[in-house]
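The values are calculated or read from the model by the stated rules, or taken from the named source; none is laboratory data. Values in this document were obtained by computation on a predicted structure and should not be read as measured data. Quick reminder, even Gly has a Cβ in these numbers, built from the backbone with ideal geometry, and neighbours come from all protein chains shown.
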Amino acid sequence: MKSFTGILIKNSRPYTLIMSCGSVMFGLVAAVLRGGVSLFPAFMTLLFAILLQISANLLYSYLAISKSLKENVGFRTLVFDYTEINQSNVRFLKVVSNGFAILAATAGLPLFTFIGWIGVLYILVLSILLYFYLSGPRPIVNTPYSLVITFLVFGPLTVSGTALIQASGNEQWLPVVVYSAISGLMACNAHIAMQYIRLQEDLGRGKNTLLIAGGFRPIRYVYVVNSLGVAAILNLRPCVYDVVAQWVPVLLGIVLLVSSVYVVSLMKGHSARSVKKIGSLTRMQYIVFIIVIMIIVAGSIQDYKFNFLHLIQ
């Protein structure tokens, strides 16, 4: 039997946390363009997003494994290659998931100081989306439409919430719209990559993802179109030009498109080698974007002004 620590690490899916971090960072760039960023709410927003993501991942594993145990489906496919699972493991996932949910709620409380009653609306919408995504009569996570929820949660919902928490007093919404689209499309591509990586696991769980329902060709088209969309938004509506040189979004778009074409070329079949490369490339795309965004945000923090943005202008 695997240790509780191993079960926790596997089921918390650390590689998915980059999506939460990325969406918050995109929201902070939108806030930069709306007037600036304050350090404390930025840090608490990032902490809240990470804790909530871990809680949701553990809850998903708990619900999936509990259902599978009741249906007596093969354990090896269901629990990330663990050869043994028992009720104590399942209860452990539920308890830790609740613990991370409490920590997320605690981190989220100070944010109401900045966002007020609108925060209640955000929490309500997020709770409804997560309920129908993970649970409900027919969990959307098990259908080809799961990408829609991914786009909404990691796009408009997180980006607009992060921007609103920054008390800029600016009513300009174009940066929020632009970076909501960029964040949502990149999150969808990361979700597609995860569907590819977890193909055997999803088949064992009886899921009907876009990859399983349509095969490799549809997800390859969606992946490329999403990447083209991000590159086009960066260059046709260059909201980042206010804070960085014009060559920065051009270079980001080129890196994204080249790496995306290579990812798609690997999706013609399914092998251990392609799984490893696709996972690495998807993380690389996010990391490159996040590093650039961190430079933009750091140079605009009102609490600690670094004043080094002129170095890349």
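Structure above, values below:
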| item | result |
| --- | --- |
| Residue that is modelled with the lowest pLDDT, among those in the range 265-291 that are of a type in the set (A, V, I, L, M, F, W, C), in a helix (DSSP H, G or I) and buried (at least 18 other Cβ atoms within 10 Å of the Cβ) | Phe289 |
| Helices (runs of 4 or more DSSP H) wholly inside the range 117-191 that include at least 1 residues being under 23 Å from Leu46 (Cβ atoms) and modelled with pLDDT of 90 or more | 146-152, 158-165 |
| Members of the range 253-295 that are within 17 Å of the chain's Cα centre (by Cα), within 18 Å of Phe216 (Cα to Cα) and not hydrophobic (A, V, I, L, M, F, W, C) | Gly279, Thr282 |
| Every pair of residues 6+ apart whose Cβ atoms lie under 9 Å, when the first sits in the range 276-293 and is of a type in the set (A, V, I, L, M) while the second is loosely packed, with under 13 Cβ neighbours inside 10 Å and at pLDDT 85 or above | Leu281/Tyr262 |
| Every residue from the range 29-66 that is touching a Pro at 6+ places or on another chain (Cβ under 6 Å) and farther than 19 Å from Trp173 by Cα | Met44 |
| Matching residues in the range 192-217 - criterion: being free of Cβ contacts under 8 Å to residues at least 24 places away in the same chain, more than 21 Å from the chain's Cα centre (by Cα) and outside any helix (DSSP H, G or I) | Gly215 |
| Positions within the range 19-49 being out of contact with any Asp or Glu (no Cβ under 8 Å at 6 or more places or on another chain) and either surrounded by fewer than 20 Cβ atoms within 10 Å (Cβ to Cβ) or more than 20 Å from Ser160 (Cβ to Cβ) (or both), in sequence order | Cys21, Gly35, Gly36, Phe43, Met44, Leu46, Leu47 |
| Criterion violated by Tyr221 - all others in (1) surrounded by fewer than 17 Cβ atoms within 10 Å (Cβ to Cβ); (2) touching a residue at least 40 places away in the same chain (Cβ under 8 Å); (3) of a type outside the set (Val, Ile, Thr); (4) assigned to a helix (DSSP H, G or I) satisfied | (2) |
| Of all residues making up the range 142-160, the number that are surrounded by fewer than 19 Cβ atoms within 10 Å (Cβ to Cβ) and either in contact with a Leu (Cβ under 9 Å, 6 or more places away or on another chain) or among the basic types (Lys, Arg) (or both) | 4 |
| Single residue of the range 93-144 satisfying the filter (within 18 Å of the chain's Cα centre (by Cα) and free of Cβ contacts under 8 Å to residues at least 24 places away in the same chain) that is farthest from Ile219 (Cα to Cα) | Ile123 |
